[in-house]
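Read-outs: derived from the displayed coordinates by stated rules, not from any lab. Keep in mind that this is a model prediction, so the values were computed, not measured. Every residue, glycine among them, receives a Cβ derived from its backbone with ideal geometry; neighbour counts consider all protein chains shown.
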Amino acid sequence: MKHVFLLALLCAITFSGTASAAHADHGSIGAGVVLGKPTGLSGKFWLSRKDAIDAALGWNFEEDLFALQAGYLYNHPIDVSSGFLAAYIGAGGLFEAVSPSDERPIDKIYLSGRIPLGLEYIYEPISFFVEIDPLLLLYPGLGFDFGGGVGFRFYF
């Protein structure tokens, strides 16, 4: 996971000097898959050229938890010859819970704040993204962790 973060950071720094108002036409709704922490379904809804809402519903296989996350993303377009590339940063939340069994209800719940950092490349109608999420564990106790992953989305 450390290598994914370093790659994303290196790409953002490398391309930040060539940033301009490049914008590819793409749909405002993206749906796809993310592999990482969590692994599951991923969605992104563009509010404007730079603002978006993302969400993921899946499973944290590392700790065997159901996961639901969502947040706001600020996208910084990066000039590329074709398609649309953006580095992004955001803020959001993560809800995780131990799966209930037939005998008992959900017995463990975790809440975290997240700061997604990533890159997304859209080549209509598909996009590829890489993301690292520093997490501030809020409940049941304070702590620090990382999430994130790689994935793709189809835009329509």
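Here ARG49, ARG114, ARG153 are placed in order of increasing Cβ neighbour count within 10 Å, fewest first, which gives ARG49, ARG114, ARG153. Counting neighbouring Cβ atoms within 10 Å and putting the fewest first, the residues ASP79, ASP145 line up as ASP79, ASP145. Arranged from fewest to most other beta-carbon atoms within 10 Å of their beta carbon, ILE29, ILE122 become ILE29, ILE122. For GLN69, neighbours were defined as the other residues whose beta-carbon sits under 12 Å from its Cβ, and their charges (Lys and Arg +1, Asp and Glu -1) total -2.
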